[in-house]
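Just below is one structure, and these are the notes that go with it.
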Amino acid sequence: MTLHESLAEIYDEVLRRNPGESEFHQAVLEVLDSLGPVVTKHPHYTDSAVIRRLCEPERQIIFRVPWVDDQGNVQINRGFRVEFNSALGPYKGGLRFHPSVYLGIVKFLGFEQIFKNSLTGMPIGGGKGGSDFDPKGRSDGEIMRFCQAFMTELYRHIGEYTDVPAGDIGVGGREIGYLFGQYKRITNRYESGVLTGKGITWGGSLVRTEATGYGTVFFTEEILRTRGDSFDGKRVVVSGSGNVATYAIEKLHQLGAIVVACSDSSGYVVDEKGIDLDVLKDVKEVRRARIAEYADLREGARFVADGSIWSVPCDIALPCATQNELNEADAKTLAQNGCSIVAEGANMPCTPEAIRLFNDAGIAFAPGKAANAGGVATSALEMQQNASRDRWSFEYTEERLAETMRGIHDRCLETAEEYGAPGNYVVGANIAGFTQVADAMLALGVI
Ligand code: GLU
C-alpha cells in the first residue's frame, strides 16, 4: 500500500519509536492508509500534528504483579494500562489476561479503541490494559488473588472520570467482580462507574454480557438490509467460543441463521444442525473445558483438531476469536466457497492481506472497530445507569444497542461515500472515527 507522503512520514516515525510492536504497527497502518483523502481535503489535520499526537499514547503504565499460587509459590506477572487518548471522555477499554499480552498488543488494542469509542458517539476516550497472566488451568482462588494483586497497583490510575476498564479475553464477570471488590476495599468507595461489565446485582447493566456478540450481528444485519437480504436460512461460521462468539451465535439463531461451526484454540467443531448453545455454554462457561467435549456431547457434531475453521463453507463469516486469526489463504477459501460478508467480532482478526482479498473479491468486510463496538457502547450505557443510579430493562437496553449499531453502520457508509470509497466500511470507520477525535483534539489545544 502507498501512503500519502505526510502519512508515510508519520508511519516511519511510529516504526522507529515503537520497535518490535508488530500488532501496533499493523493497527496504525490500517488507519493511516484510510486517511489520505482526509489530509488532502483538510490539511490542517497534519499541520497541527494531530495525527502524530494520536499515535503516541497519553500515558503508558507497566507494573509488577506478584501473587501466590495454590502451591505457595510466588508468581510474577507483568501488568499494563495504556491510556491512549482522552479527547472525547475518560479512557475506556478492556483488560486482557492472556500469555500473549505484551506492550505491542495493548497498544494495538488501545489505538483501535480510540476510533471504536469515537464511532459509538458516546463520551469515551480510548485505553486498554491487561497482563501476560495465563488463566488457563488456574483455580478460582488463584484467579482472585491475581486480580487483587493486579488492582493493588491499577487502582491509583483509574476512576469514573479518569479511566474505566472492563473485560476482554480472559476477563469476564468473575474477574471484574474480584477487581471491583479490591478497588472498593482499597479506596473505601463504592464507585460503580470505575469498571464496567459488573454483575447486575452490584451495578452492572443488563445486555452488557451479550452486547459485543449481539452488536456484531446487528451490524451484519444492516449490511444484509442494504442488499435487500436477511439472515433467514444463512449458513454462518463463527470462530471462537468465548463471550463474543457465544452471544453472536445466540442472536444469529434468533434471527433465523444457522451457525454450523465454532472453535477454540485447540480446534473447531462442525455441527450441521446448528450449534446447540446450551451444550456450548455448559462446556465453555460452566466446565471451562475444551471445545472437543462439545462434539462428545452432541450427536452428529465433529471435532477437527488441525486445519482452519474457515474451510467450512458458509455465506457469512464472523471471526470472534483473536487478532490475525484469518489470513490470506483463509480469505481465498471463503471467497471460493461463496462467502459474501465478513464482520469482525474480535479485534483485528483479519490480516491486511485477507482484507485486501475481500475487497478484490467483492466481499463486504466490516472491521472490528465498527462491527464489535456494541460491547463498549453498552459499557457506556452501564456508566450512564451508574451515574444516574438507575437500572434499565433488558428490552430498552437492547434497543439502545441496536440503535447504536445501526447508527455506526450508516455513518460508516455515508463517510465512505463522501470520501470516494462507496461501500468500503474500513475507510468509512477509520475516517468517521478519526475526524470526531481529531476535531476534539484541535478544540482542546496542544496538550
Ligand atoms: N474489550 C471490549 C472491546 O474490545 C470492551 C471494552 C469496554 O467495554 O470498555 O471493545
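Quick note: the coordinates plus some simple rules give every number you see, no bench work behind them. Computed from a predicted model, the values in this text were never measured in an experiment. FYI the Cβ positions are ideal-geometry reconstructions off the backbone, even for glycines, and counts take in every protein chain you see.
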message: To make sure I understand the rule: partners must be lysines, Cα under 28 Å from the Cα of Lys234, and not fewer than 8 residues away in the same chain. Which ones qualify?
response: Lys116, Lys251, Lys273, Lys281, Lys284, Lys332, Lys369
query: Residues of segment 192-226 with amide nitrogen under 12 Å from the 7 Å Cα-to-Cβ point of Arg391?
result: 199-206
message: Could you tell me how far the Cα centroid of segment 19-90 sits from the Cα centroid of segment 411-447, in Å?
response: 19
message: Please identify the DSSP H helices in the chain that span no less than 15 Å along the helix axis (Cα) and have a mean Kyte-Doolittle hydropathy of 0.0 or more.
response: 22-34, 103-120, 140-154, 425-444
- prompt: Once label points are set 7 Å from the Cα along Cα→Cβ at both Arg227 and Ala443, what is their separation, rounded to one decimal in nm?
  reply: 3.8
query: For the residue pair Asp360 and Ser265, what label-to-label distance in nm results when each label sits 7 Å from Cα along the Cα-to-beta-carbon direction?
result: 3.2
- prompt: How big is the chain in terms of Cα radius of gyration and Dmax, in angstroms?
  reply: 20.9, 63
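Going by the alpha-carbon gyration tensor, a ≥ b ≥ c the square roots of its eigenvalues, is segment 1-74 rounded (a/c under 1.5) or, if a/c is not under 1.5, prolate (a/b greater than b/c) versus oblate?
Prolate.
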- request: List the longest stretch of the chain that has no exposed loop site; here a site is one of the chymotrypsin sites (Phe, Trp or Tyr not before Pro) assigned by DSSP to anything other than H, G, I, E or B, with at most 12 other Cβ within 10 Å.
  value: 191-447
query: If you keep only loop residues by DSSP, which trypsin sites (Lys or Arg not before Pro) in segment 178-240 have at most 13 other Cβ atoms within 10 Å of their Cβ?
result: Arg189, Arg227
